[in-house]
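Down below is the structure, laid out as structure tokens.
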Protein chains: 2
Amino acid sequence: MPICVECRMLWPVSLRERKRARIRQTLVEAAIELFERDGYDETTIADIAAAADIGTRTFFSYFASKEELLFPESDARVRAAVEAIESRGPDDGPAEVLLRALRKVGEDSDDMASRLAALRLRLVRTVPVVRGRALQIQLDAQREIARNLAEAFPEQLDEVSAAALTGAFIGAITSALQVLLDDTDKLDDPAAVQEAVRRATDVALTPWLRASAWTVEQPPHGTA
Amino acid sequence: MPICVECRMLWPVSLRERKRARIRQTLVEAAIELFERDGYDETTIADIAAAADIGTRTFFSYFASKEELLFPESDARVRAAVEAIESRGPDDGPAEVLLRALRKVGEDSDDMASRLAALRLRLVRTVPVVRGRALQIQLDAQREIARNLAEAFPEQLDEVSAAALTGAFIGAITSALQVLLDDTDKLDDPAAVQEAVRRATDVALTPWLRASAWTVEQPPHGTA
DNA sequence: TGCAAATCCGCACTGAGTGCGGTTATGGTG
DNA sequence: CACCATAACCGCACTCAGTGCGGATTTGCA
């Protein structure tokens with residue numbers, strides 16, 4: 001085993017692990033700094049490694065590529081979503097649980113995380129390779145969430161319909177969000193982004209909420 | 001202008017354009033051959049260029065990267081989808097039009113196209129960079145389709161809800177399809193793939209079809 | 001026929017990423 | 001504390017992707 005791939009210890013105990021986690025963090029922060037100052041393409045891995053005081057070769061034992069630096073906490077977010085699914089209330093349906101899980105994904109843990117999130121939002125729109133990686137990660141997360149959703153509702157959802165439901169939710173939200181964040185360049189205004197996320201979620205969910213309300217009441221109007 | 005980026009002439013008229021289209025085609029075929037024989041990662045761009053009798057440098061004036069070879073007709077498919085939207089019947093709603101447009105996207109034009117489609121299906125699952133590119137292309141297509149859908153239904157859909165609707169459809173279908181094609185390795189059986197696409201579409205569409213049936217009749221049951 | 005533009009492509013370069021192997025640091029054990 | 005197995009570090013050399021430059025060649029058109 002050549003160095004733990006993601007260093008996933010919650011509390012790194014040994015000196016080795018603490019040191020490792022610290023260097024990892026330093027790398028991310030150095031990268032953010034350099035990306036913001038010089039631009040993504042203009043920053044080389046050698047630059048980042050030098051800024052974090054490690055050898056260029058060693059960089060690759062922390063992150064497989066430059067993009068990876070932008071998604072250091074991605075699987076922690078997936079884990080949070082999965083936990084949200086597992087801790088569902090007794091009366092919740094699949095749609096409610098899924099929605100709450102997705103809200104978890106968007107939460108930033110600290111200042112550095114939201115600074116990173118803002119930077120990432122810009123880079124996803126401008127750097128193809130970053131966008132590709134983001135989509136990839138989203139798809140993986142989607143799968144994991146769908147799998148757990150199917151487990152949480154064994155009578156109502158099989159694997160396939162859980163995947164379809166999850167794909168529809170996330171697809172609708174991200175797709176709407178993309179349009180909303182395309183209109184103006186409010187990427188630097190966290191409140192505006194937050195508002196766009198809310199609106200995207202609302203728009204995306206309207207048909208589903210109606211569908212889940214079916215057994216309860218007839219909706220008042222019929223336009224889409 | 002350094003060579004037309006995608007060589008988008010429908011009928012290349014001049015000798016220059018015909019030659020160009022022919023070389024482009026040759027490159028794709030050579031690449032398919034080599035990918036199937038030696039594997040994707042094992043095939044270098046230099047190999048492909050040599051097999052097509054052009055210089056390595058020249059390759060990059062036909063395709064920006066190795067992945068691009070696997071998606072040579074991607075925007076022709078988008079165009080077909082857009083045309084399907086534009087030629088909608090007078091009684092069709094957004095969901096019906098969108099569905100028919102998406103069916104267009106899956107159609108292969110000739111034998112080489114479906115051979116490529118099969119290869120691509122396998123590579124998308126095994127080579128990260130190919131998957132990333134596929135996702136990227138899908139997202140772009142999604143945008144274009146959503147834009148045209150909004151134009152086709154100006155009273156019923158704004159930009160945002162058109163994007164949400166499109167994202168939900170495509171997200172649900174691809175997500176379900178991914179699970180269906182994951183179970184067994186039926187990737188080499190075109191009929192099985194076709195069947196999986198059909199099932200994925202069915203599963204993904206069930207809630208929407210119910211929703212669009214709203215104004216007409218009450219559905220018989222209420223489970224998801 | 002001749003000219004302007006498009007194309008081809010060799011060369012040199014940068015940067016990503018990998019394998020190898022020697023060196024150093026760490027954690028656990030006696 | 002000494003010792004050792006192992007994990008981590010990282011320099012070196014390498015392959016390959018991708019780009020800019022510039023000269024040679026081909027094509028379209030008048």
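Limited to region A:163-190, what total is found for residues that are farther than 24 Å from A:F71 by Cα and facing another protein chain (nearest Cβ under 8 Å)? Number satisfying all stated conditions: 2.
Within region B:10-32, is even one residue at pLDDT 95 or above, assigned to a helix (DSSP H, G or I), away from DNA strand D (no atom under 13 Å from the Cβ) and of a type in the set (S, T, Y)? For region B:10-32, residues at pLDDT 95 or above, assigned to a helix (DSSP H, G or I), away from DNA strand D (no atom under 13 Å from the Cβ) and of a type in the set (S, T, Y): present. Restricting region A:45-60 to residues that are out of contact with any Leu (no Cβ under 9 Å at 6 or more places or on another chain) and in a loop (DSSP other than H, G, I, E, B), which is nearest to DNA strand C (Cβ to nearest atom)? For region A:45-60, the residue satisfying everything is A:F60. Against the conditions (1) within 14 Å of chain A (Cβ to nearest Cβ); (2) within 14 Å of DNA strand C (Cβ to nearest atom), B:P94 satisfies every one except (2). Scanning region B:61-76 for residues that are in a loop (DSSP other than H, G, I, E, B), more than 8 Å from DNA strand C (Cβ to nearest atom) and surrounded by 15 or more Cβ atoms within 10 Å (Cβ to Cβ) returns B:F63, B:K66, B:F71, B:P72, B:E73. Taking the stated definitions as given, is A:R125 more than 10 Å from every other protein chain (Cβ to nearest Cβ) and under 21 Å from A:K66 (Cβ atoms)? It is true that A:R125 is more than 10 Å from every other protein chain (Cβ to nearest Cβ) and under 21 Å from A:K66 (Cβ atoms).
Of note, B:A113 does not satisfy the criterion of being touching a residue at least 60 places away in the same chain (Cβ under 8 Å), more than 16 Å from DNA strand D (Cβ to nearest atom) and small (G, A, S). The residues listed here are A:L116, A:L102, A:L69; of these, the one that is away from chain B (no Cβ under 14 Å) and under 21 Å from A:A196 (Cα atoms) is A:L116. With respect to A:G39, is the statement that it is exposed (fewer than 15 other Cβ atoms within 10 Å of the Cβ), under 14 Å from A:V130 (Cβ atoms) and more than 14 Å from DNA strand D (Cβ to nearest atom) true? For A:G39, the condition - exposed (fewer than 15 other Cβ atoms within 10 Å of the Cβ), under 14 Å from A:V130 (Cβ atoms) and more than 14 Å from DNA strand D (Cβ to nearest atom) - is met.
The values are calculated or read from the model by the stated rules, or taken from the named source; none is laboratory data. On a predicted model such as this, the values are computed, not experimentally measured, just so you know. Quick reminder, even Gly has a Cβ in these numbers, built from the backbone with ideal geometry, and neighbours come from all protein chains shown.
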